[in-house]
Structure formats: C-alpha cells, structure tokens
1. Quick check, is Ser103 surrounded by 14 or more Cβ atoms within 10 Å (Cβ to Cβ), under 16 Å from Ala5 (Cα atoms), touching a Leu at 6+ places or on another chain (Cβ under 7 Å) and among the small types (Gly, Ala, Ser)?
2. Go through (1) without any contact (Cβ under 8 Å) to a residue 40 or more places away in the chain; (2) among the charged types (D, E, K, R); (3) closer than 15 Å to Val109 by Cα one by one and return the number of the condition Glu63 breaks.
3. One residue is enough: does region 74-92 have a residue meeting the conditions among the hydrophobic types (A, V, I, L, M, F, W, C), surrounded by 15 or more Cβ atoms within 10 Å (Cβ to Cβ) and free of Cβ contacts under 8 Å to residues at least 40 places away in the same chain?
4. Looking only at region 49-64, decide whether some residue is touching an Asp or Glu at 6+ places or on another chain (Cβ under 6 Å), loosely packed, with under 14 Cβ neighbours inside 10 Å and modelled with pLDDT under 95.
5. Looking at Glu48, Glu76, Glu2, which one is out of contact with any strand residue (DSSP E or B) (no Cβ under 6 Å at 6 or more places or on another chain) and of a type in the set (D, E, K, R)?
6. Within region 8-29, identify whether any single residue is farther than 16 Å from Phe78 by Cβ, surrounded by 15 or more Cβ atoms within 10 Å (Cβ to Cβ), more than 11 Å from the chain's Cα centre (by Cα) and free of Cβ contacts under 8 Å to residues at least 60 places away in the same chain, and answer yes or no.
7. May I ask you to list the residues in region 100-113 that are in contact with a helix residue (DSSP H, G or I) (Cβ under 9 Å, 6 or more places away or on another chain), within 23 Å of Lys16 (Cα to Cα) and not in a loop (DSSP other than H, G, I, E, B)?
8. I'm told Ser28 meets every condition in (1) under 16 Å from Ser103 (Cβ atoms); (2) in contact with a Phe, Trp or Tyr (Cβ under 8 Å, 6 or more places away or on another chain) except one. Can you identify the failing condition by its number?
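The values are calculated or read from the model by the stated rules, or taken from the named source; none is laboratory data. These numbers were taken from a predicted model, which means no experiment stands behind them. Please note: Cβ atoms are built from the backbone with ideal geometry, for glycine as well, and neighbour counts cover all protein chains shown.
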Amino acid sequence: MEAKATHKYLSSSPRKMRLVIDLIRDKSVDQAIEILHFSTKHAAKDAEKVLRSAVANLFNKDEESNHEPSDLFVKEVFVNQGPTLKRMLPAPMGRAYKIRKRSNHLTIVIASK
C-alpha cells in the first residue's frame, strides 16, 4: 500500500530543496521525520510537513489495516521546478539587475514494507 502527498509553489529554490530531500530518500518514515525535524535547513520544515501529510494520507486511505509508522518507508521523493517570479533591482549607471525568485513542487510517496 502506498500514499502520496504534494506541496506546490514552495518558495525556495529546487536546488536547496534537493539538498534536504536527498537526506531522506529510501529511509524509514520514523528516521526521515527525525532527520528533517533536527535539520538546520529552512526547507526541512516544508519537507517534514509534506512527509507527515503523506503518512496521514496512507492512514486515511486504508483505515481497516493497521499500519505502524515504523513499517513505512519513503519510496519516492522528488522536486520539480515551479514558476519563477522575475523582478528587477536598480543598479548603478541606469542599469537593472534581474532577480529570479524560484519556486518548487515537492512530491513524497511512502509505502509499507
């Protein structure tokens, strides 16, 4: 049995989010939540929120069977690039610097062993 959770339009760059999700790929859910909870990266809070949502989705999807969180593992986790907001910053001598505010879409799939 597996369940999926996605969070779209997260306001961090995909590159920064990939640094965090590489830590939890193919780990058990208990271990992944612990890693994300004590991580110092800002993106870890959003990743933990999506992981907990995936666990809740699994429990709601199959209420009859009794899943233990220790029996679950992170089957698949990936980040796709979201839309980029383009802004201009005034620069010396009449120039303008481009600022790209990137966003991402995070998807986590968990499964039981």
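1. Considered against the rule, which asks whether it is surrounded by 14 or more Cβ atoms within 10 Å (Cβ to Cβ), under 16 Å from Ala5 (Cα atoms), touching a Leu at 6+ places or on another chain (Cβ under 7 Å) and among the small types (Gly, Ala, Ser), Ser103 comes out as no.
2. Condition (3) is where Glu63 drops out.
3. no
4. no
5. Testing whether each residue is out of contact with any strand residue (DSSP E or B) (no Cβ under 6 Å at 6 or more places or on another chain) and of a type in the set (D, E, K, R) leaves just Glu48.
6. Yes, region 8-29 contains at least one residue that is farther than 16 Å from Phe78 by Cβ, surrounded by 15 or more Cβ atoms within 10 Å (Cβ to Cβ), more than 11 Å from the chain's Cα centre (by Cα) and free of Cβ contacts under 8 Å to residues at least 60 places away in the same chain.
7. Result: Asn104, His105, Leu106, Thr107, Ile108, Val109, Ile110.
8. The single condition Ser28 does not satisfy is (1).
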